[in-house]
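The block underneath contains the structure these notes are about, expressed in structure tokens.
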């Protein structure tokens, strides 16, 4: 099962997988309007199917959201193996100077193993408290949240707990998560150009914020399937792999079936003896030991259980115990054609309306708004729209974006955060309304922007989809009368 740093590829049937089953999975995903960006299936360490929905591509890293947690757990396991810490160490032993003045009676009992298993005893996720901390001291913010239940007795999904794992690792090693993992995990696996967002304290998020490619997700899952062994080298101790992916705490308070199977150390247990790392809006690293398979997925979906249901319905039964299967040339060709043609359509509408040339080139001055934008101008041509946005805060700063008309146009925009690379496409959805879709293809994020023109007035609505802590914006403006 061990694989080299260049992943081998094979027909599905040669590895005991049905091309028809994989084709049915993709058809079902699209029929149910579940937006995936990529998927890669490994059997016996060999890639049997992979695909990216254009404009998403294999070389693009993708924000993992909470799949990041499984990498943080791995870092803790490596630190345990090196004797740097024990999972029975108390959290307060690392941060005595950050103790709250009114220390909760349960806080001294909080241990690393409780952070790992999400059994900290908090009544709700602490992440909102961390993000709202005005001085940026997320460690002190976490320690100040009351612990209602005795640690180890109550599960609540808690991204703040994973941040604390990252903070502990940095405290004892003097290195960030990425710096620590690079020589121990990422380099041996052949994972390059990973990036991890950091907190105001300069500590990598731990529970979210890691960006790697789909293939890198699959490599990580394959390492776990192989119990930490890679190219003959024990990268992660087998004992840690088994402990981290085992049932550690009950999660029956959740309602979806694959969230009822229990939780390990930053890994979810699944139905059918599988386990996974997963992240908001459709990021998955699914390890299926009984099938000797790994499935990596990225996407933009709200119903993550629906994707898992289709995995269990189509992919799992399509994997046979004893390969190879008889070759199915017609089915294999159908699957290959499908995978090669995966795409996400640009917005639907008209390329031009009578008002386009009237509003083209006009400068619209905006009323005070939460995005601190002073003005907007749209310059239309037959094939694209050049948008200029001018900020009001500090020195005047202009954002320029070219949006394709009925076609994706690659570009960049820093208006909404750190992830700037995107594709943009627009269309006239009504005679007076131009709608533009922005896909930040290194994330799940999609922004829908509508420009509604009435005489000299402009109304802009911006809706953020598949964005953590995202929201909506409403801007109004007017084009000053010209002499």
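Every read-out reported here was derived from the displayed coordinates using simple, explicitly stated rules and does not represent laboratory data. Since this is a predicted model, take the numbers as computed values, not measurements. Note that each Cβ is placed from the backbone with ideal geometry, even for glycine, and that neighbours are counted across all protein chains shown.
Listed by Cβ neighbour count within 10 Å, with the fewest neighbours leading, 198, 134 appear as 134, 198. Rounded to the nearest 10 degrees, the angle from helix 68-81 to the longest Cα principal axis of the chain is 30 degrees.
By the count of neighbouring beta-carbon atoms within 10 Å, fewest first, 466, 149 end up ordered 149, 466. Expressed as a fraction of 2.2 N^0.38 Å, the value expected for a compact globular protein of N residues, the C-alpha radius of gyration of region 246-350 is 1.30. Once the Cα atoms are used to define both axes, helix 329-340 deviates from the longest principal axis of the chain by about 60 degrees. Assuming 1.567 mPa s and 4 °C, estimate D for region 138-252 with Stokes-Einstein, Rh taken as the Kirkwood radius over Cα pairs, in µm²/s. Calculated translational D: 81 µm²/s.
Computed from the C-beta positions of residue 421 and residue 30 and an R0 of 25 Å, the FRET efficiency is 0.50 to the nearest 0.05.
Building the convex hull from the alpha-carbon atoms of region 30-86 and averaging its projection over directions returns 6.5 nm².
For residue 238 and residue 101, the difference between the fully extended length at 0.36 nm per residue and the C-alpha to C-alpha distance is 45.2 nm.
Treating each Cα of region 125-184 as one equal point scatterer and applying the Debye formula with no solvent, the log10 of I(q)/I(0) at q = 0.17, 0.19, 0.22 Å⁻¹ comes out as -0.66, -0.78, -0.94. Computed over the chain, the per-residue total of -39500 (n - 2.57) for DSSP H runs of n ≥ 4 gives a 222 nm mean residue ellipticity of -6000 deg cm²/dmol, rounded to 500. As a proxy for reagent exposure, 166, 159 were ordered by neighbouring Cβ count within 10 angstrom, fewest first; the result is 159, 166. Only Cα sites of the chain enter the Debye sum here, all with the same form factor; the resulting log10 I(q)/I(0) across q = 0.07, 0.09, 0.11 1/Å is -0.42, -0.69, -0.96, listed in q order. Here, region 3-162 has an Rg and a Dmax of 21.6, 63 Å when only alpha carbons are counted. Of all DSSP beta bridges located in the chain, what percent are antiparallel, nearest 5? Given both bridge residues lie in the chain, the antiparallel proportion sits at roughly 95 percent. As a calculated quantity, the FRET efficiency between residue 406 and residue 452 at R0 = 22 Å, using C-beta atoms, amounts to about 0.70.
Fraction of C-alpha pairs exceeding 19 angstrom in region 1-62: 39 percent, rounded to a whole number.
Placing a label point 7 Å from the Cα of residue 388 along the Cα-to-Cβ direction, the residues of region 353-367 whose backbone N falls under 20 Å of that point are 356-367.
Size descriptors for region 311-378: radius of gyration and Dmax over Cα atoms are 25.7, 68 Å. Contact order for region 125-208, expressed relative to its length and based on alpha carbon pairs under 8 Å spaced 6+ residues apart, stands at 33 percent. Given in Å, the Rg to one decimal and the Dmax to the nearest whole number for the Cα atoms of region 356-478 are 13.5, 38.
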